[in-house]
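So the structure is just underneath, and the comments pick up after that.
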Amino acid sequence: MVDREALGRQRQDPLRLAAVLLLAGVLVSAVAGLLHAEGPDPNDHQAIFAVYAVSNSWTAVHLGQFVGMVMIILGLGVLSLAVAPARGAGLWLARMGLLTGGAALALYAVLQAVDGVALKQAVNAWASAGNGDKAIRFASAETVRWLEWAVRSYQSYVFGLSLILFGAAIAVVAGRVPRPIGYLMALSGLCYLAQGWIIGTMGFSSSNQIPTLLGIVLVVVWSVWLLIAALRRNTADSAQP
């Protein structure tokens, strides 16, 4: 005979694991972000490079951000197993979301290598250079900074697209995950698309504050809601005879 209770647990375990990974990744990223060295204007390179040069936690903070993103992408990967049906539009949306999520992780690894390693070394060299080399070192650090803009811009595009695809998959496959969670995921993806455009055209401009804050709030809301929904479904399945 088929053990229906065991099958129910097998269906819900991926959803619960996905929710835990996603929320944990969001929290790790948030903590690392709070420890990030900041200045009044990230586009004022003279001032901000001086702040970066004296930061002793720079490399560790960016490694923490990378670990957080790894957890988020792993969570999305497990989520694709939990929500994707055997066939149809939901399956293909989840698969495309998984592929773009993998691409977003690869771009994020490049971003953290540029920002967490190359930029730190460049600003250190500028800060310690003599007057004769100061201008050349500053130009080199700015070049690395502009490369950071480029990679972050496209990483935001691809990550945003992944969230939109997963949100659409959840909306299509109604019942396994509350449909509003899918809508919120898609909205947070749109925020990342906006961030990608602003960073690619204006760098770390103050214009990016609204889509960044809105994106963070939306991600926190849907990740917490997803965990609550997963725990409730597991409790409900366990209560069934």
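Throughout, read-outs are computed from the coordinates displayed, never taken from laboratory work. Since the structure is predicted, the reported quantities are computational estimates derived from the model, not experimental observations. Every residue, glycine as well, gets a Cβ built from its backbone with ideal geometry; the counts of neighbours run over all protein chains shown.
What length, rounded to one decimal in nm, is gained on full extension from D13 through to V51, with 0.36 nm per residue of separation minus their alpha-carbon distance?
So the extension gain works out to 9.2 nm.
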> Using 1/(1 + (r/R0)^6) with R0 = 45 angstrom and r between the beta carbons of S128 and T201, what's the FRET efficiency to the nearest 0.05?
Replying inline: 0.90
> Applying the Karplus parametrisation 6.51 cos²θ - 1.76 cosθ + 1.60 with θ = phi - 60° to the phi angles of region 25-41, what ³J(HN,Hα) value in whole Hz is obtained for each residue in order, glycine and proline being reported as x?
Replying inline: x, 4, 5, 4, 4, 5, 4, 4, x, 5, 8, 5, 5, 10, x, x, 9
>> Whole-Hz ³J(HN,Hα) for each residue in region 140-146, computed from phi via Karplus 6.51 cos²θ - 1.76 cosθ + 1.60 with θ = phi - 60°, x for glycine and proline: what do you get?
In response: 5, 5, 5, 4, 5, 4, 5
> Expressed in nm², what is the orientationally averaged projection area of the convex hull enclosing the Cα positions of the chain?
Replying inline: 13.7 nm²
>> Helix 209-239 against the longest principal axis of the chain: what's the angle in degrees, Cα atoms only, rounded to the nearest 10?
In response: 30 degrees
> Taking +1 at the Cβ of each Lys and Arg and -1 at the Cβ of each Asp and Glu, which of V151, A89, A50 sits farthest along the dipole of the chain towards its positive end, judged by Cα position relative to the Cα centre?
Replying inline: A89
> Hey, what do the phi angles of region 132-138 turn into as Karplus ³J(HN,Hα) couplings, whole Hz, using 6.51/-1.76/1.60 and θ = phi - 60°, x for Gly and Pro?
Replying inline: x, 9, 4, 5, 5, 5, 5
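Determine the calculated [θ] at 222 nm for the chain from helices alone, applying -39500 (n - 2.57) to every DSSP H run no shorter than 4 residues and normalising by the residue count; nearest 500 deg cm²/dmol. Write out the running numbers ahead of the final one.
Values: 8 runs with 197 residues, N = 241.
Taking each H run of at least 4 residues, the total per residue is -29000 deg cm²/dmol.
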> Hey, what did region 8-239 get for relative contact order, percent, Cα under 8 Å, at least 6 apart?
Replying inline: 23 percent
